[in-house]
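> One structure, as structure tokens, below. Some questions next.
The values are calculated or read from the model by the stated rules, or taken from the named source; none is laboratory data. Everything quoted here is computed from the prediction, not taken from an experiment. Because the Cβ atoms are built from the backbone with ideal geometry, glycine has one as well, and the counts that use them run over all protein chains shown.
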Amino acid sequence: MNQALLTFFEQHYAPGRVGLIGQDDLKGTLIRGAEAGLTPDHRPSKWSHTFLMGERRRDGNVYIFESDLRVSVKDWEVQNGVMESRIVKWCLDDVSHGCVLGMDLTADLAQRLVTKGLEYAYDEDHLRYPVGELFGTLWAIITHRMARRNIFDDKHAVQCATFVRMCYQAIGRDPVTGPVAISNTSPESYYQSHAFTFRREWHV
């Protein structure tokens, strides 16, 4: 476990804030590379995953809401789609970048965000994680059509950044600035957004 990263997230935690991580494993590296067309210097993005901060429970853990695809051969477990997780899940040694972003939200709006995350995580119509939609976003980056609907958009599935944006839009806020279709939202879209008044970063 990366204790320094966990401490960073706990220090800057608040319900409804957005977390970004940049992972150096194969999946993270591919996603970061695909976002190179969005960065100012056209280098790979620092960011590969987005999540919404939820509650700090009595057990002392910070819980998050996210859309993810995780296959564990060790545990014989497959996690697919919108879920609730502990933030420690992403405090790994192969994570080299971390970021916390926040808006000026009232306590009521922050609670509504957390409630919306809970609703999605435990909805009977479970939203899956869309691998195909990632390729659709890559195509939108290459063809400079970020404002158009993802060509592989699936109403039954959402990628991580799209999910967090859906939660914000449900309370009447949009955390992404610029002409970006919701199904093409990426972690880099959040990092470049001017909608946040709070920003803290951690790097190896």
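> Could you grab me the full set of residues in segment 97-109 that are within 16 Å of the chain's Cα centre (by Cα) and either under 14 Å from Val204 (Cβ atoms) or surrounded by fewer than 16 Cβ atoms within 10 Å (Cβ to Cβ) (or both)?
His97, Gly98, Cys99
> With respect to Ala14, is the statement that it is hydrophobic (A, V, I, L, M, F, W, C), part of a loop (DSSP other than H, G, I, E, B), surrounded by fewer than 16 Cβ atoms within 10 Å (Cβ to Cβ) and in contact with a strand residue (DSSP E or B) (Cβ under 9 Å, 6 or more places away or on another chain) true?
yes
> Okay, next question. Tell me yes or no: at least one residue of segment 47-70 is out of contact with any strand residue (DSSP E or B) (no Cβ under 6 Å at 6 or more places or on another chain), farther than 30 Å from Leu109 by Cβ and not hydroxyl-bearing (Ser, Thr, Tyr).
There is no residue in segment 47-70 that is out of contact with any strand residue (DSSP E or B) (no Cβ under 6 Å at 6 or more places or on another chain), farther than 30 Å from Leu109 by Cβ and not hydroxyl-bearing (Ser, Thr, Tyr).
> Scan segment 134-146 and report the pairs whose first residue is over 17 Å from Lys27 (Cβ atoms) and whose second residue is part of a helix (DSSP H, G or I) and of a type in the set (Val, Ile, Thr), with Cβ atoms within less than 9 Å and a gap of 6+ or a chain change.
That search, which allows pairs on different chains as well, returns Met146/Thr137.
> Being touching a residue at least 40 places away in the same chain (Cβ under 8 Å), under 23 Å from Arg173 (Cβ atoms) and out of contact with any Pro (no Cβ under 9 Å at 6 or more places or on another chain) is the requirement here; does Glu84 meet it?
no
> Return the only residue of His42, His49 being free of Cβ contacts under 8 Å to residues at least 40 places away in the same chain, within 24 Å of Thr137 (Cβ to Cβ) and touching a helix residue (DSSP H, G or I) at 6+ places or on another chain (Cβ under 6 Å).
When all the criteria are applied, what remains is His42.
Matching residues to (1) closer than 22 Å to Ile182 by Cβ; (2) not small (Gly, Ala, Ser):
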residue	(1), (2)
Val18	yes, yes
Ala36	yes, no
Thr39	yes, yes
Asp68	yes, yes
Arg86	no, yes
Cys91	no, yes
Asp94	no, yes
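> Say we look at segment 160-178 and pick out the residues that are modelled with pLDDT of 95 or more and not in a helix (DSSP H, G or I); which of these is surrounded by the fewest Cβ atoms within 10 Å (Cβ to Cβ)?
By that ranking, first place goes to Gly172.
> In segment 179-192, how many are farther than 16 Å from Asp68 by Cα, among the polar types (S, T, N, Q) and part of a loop (DSSP other than H, G, I, E, B)?
Here the count works out to 1.
> I would also like to ask the following. With farther than 30 Å from Leu26 by Cβ and either in contact (Cβ under 8 Å) with a residue 60 or more places away in the chain or touching a Ser or Thr at 6+ places or on another chain (Cβ under 7 Å) (or both) as the only criterion, which of Arg173, Arg200, Arg165, Arg149 stands out?
Result: Arg173 is the single residue among Arg173, Arg200, Arg165, Arg149 that is farther than 30 Å from Leu26 by Cβ and either in contact (Cβ under 8 Å) with a residue 60 or more places away in the chain or touching a Ser or Thr at 6+ places or on another chain (Cβ under 7 Å) (or both).
> State which residue is surrounded by the most Cβ atoms within 10 Å (Cβ to Cβ) when the search covers only segment 187-204 and only residues that are in contact with a Leu (Cβ under 7 Å, 6 or more places away or on another chain) and within 15 Å of Thr162 (Cβ to Cβ).
Pro187
> Assess whether Ala147 counts as being of a type outside the set (Asp, Glu), farther than 18 Å from Trp47 by Cα and over 18 Å from the mean Cα position of the chain (by Cα).
yes
> Here is a follow-up. Determine which single condition Ala140 fails, assuming it passes every other condition in (1) touching a Lys or Arg at 6+ places or on another chain (Cβ under 7 Å); (2) of a type in the set (Gly, Ala, Ser); (3) under 25 Å from Arg199 (Cβ atoms).
The failed condition is (3).
> Among Leu101, Leu92, Leu69, Leu105, which is the only one that is over 20 Å from Leu134 (Cβ atoms), touching a Phe, Trp or Tyr at 6+ places or on another chain (Cβ under 6 Å) and not in a helix (DSSP H, G or I)?
Being over 20 Å from Leu134 (Cβ atoms), touching a Phe, Trp or Tyr at 6+ places or on another chain (Cβ under 6 Å) and not in a helix (DSSP H, G or I) holds for just one of Leu101, Leu92, Leu69, Leu105, which is Leu101.
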